[in-house]
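> Supplied in structure tokens, the structure appears directly below.
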Amino acid sequence: MSVLSFRRGAVGVGAAAVLAATGTWVMWPAEVDEALWAEVRPVIEARVAADSRGDGPGETVPAWRARWFCRAEALELEEHAGEIRAGVNTLCIEYGVHDQTLVECGAGQYPQVVRLQRDAAADGGYRVVSREEPPDGEGYGPWTKAHFGVLARTSLHEPMPSAALESAARAHFSLPPDASVGDC
């Protein structure tokens, strides 16, 4: 075996090791500060729910007492210079009540970037200073690529469970825990 062959082999093994290590790192989920997430999650979910609107029957039939329920999952969370940037995936479902049945009137799952600042006077100790979401259509892909890392973008395609939102809606509307769910 010549020296040149040995060097090529060593370079190949070294490159394979780097790729393997990088691949392993890329597959691991990003670390999210769970304590910080526990503090900001209720503020984010309340803001997203307050800003949710739809064009379904829940918005136009007052007798259904429809309301939006939202949950967020942290994909990226970082704090820098007193500002928190939360890259989140959100699920919002509009529930109402019709004949003692929980009805789902509208829903949407989409990513958002929420920026917060500490504010002792605000409910929860934080206030939302900005909230961005992707445009519909062709702008969705470029927006998510510009605002989220590779790992976070992969998570955006996974459906979020709605069981917790259904439970919260049943409790809010004073329905039994096993009340059926129908469509508006």
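> For segment 140-155, check the following and say yes or no: at least one residue is part of a loop (DSSP other than H, G, I, E, B), touching a strand residue (DSSP E or B) at 6+ places or on another chain (Cβ under 8 Å), modelled with pLDDT of 90 or more and within 20 Å of GLU78 (Cα to Cα).
Yes.
> Here's another thing I want to ask about it. Residue under question is ASP136, and the condition is that it be without any contact (Cβ under 8 Å) to a residue 24 or more places away in the chain, of a type outside the set (A, V, I, L, M, F, W, C) and under 18 Å from SER52 (Cβ atoms); does it hold?
So ASP136 fits the description; yes.
> If you don't mind, another one. Wholly within segment 1-113, which helices (runs of 4 or more DSSP H) include no fewer than the required count, namely at least 2 residues that are at pLDDT below 95, of a type in the set (Gly, Ala, Ser) and open to solvent by less than 80 Å² (accessible area, probe 1.4 Å)?
So the answer is 3-27, 34-51.
> Mind checking which residues of segment 118-167 are within 25 Å of HIS80 (Cα to Cα) and acidic (Asp, Glu)?
Within segment 118-167, ASP119, ASP123, GLU132, GLU133 qualify.
> A further question follows. State whether one or more residues within segment 172-179 are among the aliphatic types (A, V, I, L, M), within 30 Å of GLU83 (Cα to Cα) and open to solvent by less than 70 Å² (accessible area, probe 1.4 Å).
There is no residue in segment 172-179 that is among the aliphatic types (A, V, I, L, M), within 30 Å of GLU83 (Cα to Cα) and open to solvent by less than 70 Å² (accessible area, probe 1.4 Å).
> Evaluate the following for PRO134: is it at pLDDT below 95 and within 18 Å of CYS70 (Cα to Cα)?
It is true that PRO134 is at pLDDT below 95 and within 18 Å of CYS70 (Cα to Cα).
> If I ask for residues that are in a loop (DSSP other than H, G, I, E, B) and either touching a Ser or Thr at 6+ places or on another chain (Cβ under 9 Å) or open to solvent by 60 Å² or more (accessible area, probe 1.4 Å) (or both), which ones from segment 156-170 would you list?
LEU156, HIS157, GLU158, PRO159, MET160, PRO161
> In segment 114-132, what residues are of a type in the set (Val, Ile, Thr) and open to solvent by 20 Å² or more (accessible area, probe 1.4 Å)?
Within segment 114-132, VAL128, VAL129 qualify.
> Of the residues that make up segment 126-135, is at least one outside any strand (DSSP E or B), on the phi > 0 side of the Ramachandran plot and in contact with a helix residue (DSSP H, G or I) (Cβ under 6 Å, 6 or more places away or on another chain)?
no
The values are calculated or read from the model by the stated rules, or taken from the named source; none is laboratory data. As the structure is a computational prediction, the values presented were derived from the model and not from experiment. Every residue, glycine as well, gets a Cβ built from its backbone with ideal geometry; the counts of neighbours run over all protein chains shown. In case anyone asks, the SASA skips ligands and DNA or RNA and just uses the protein heavy atoms, side chains included. Shrake-Rupley method; radii C 1.70, N 1.55, O 1.52, S 1.80 Å.
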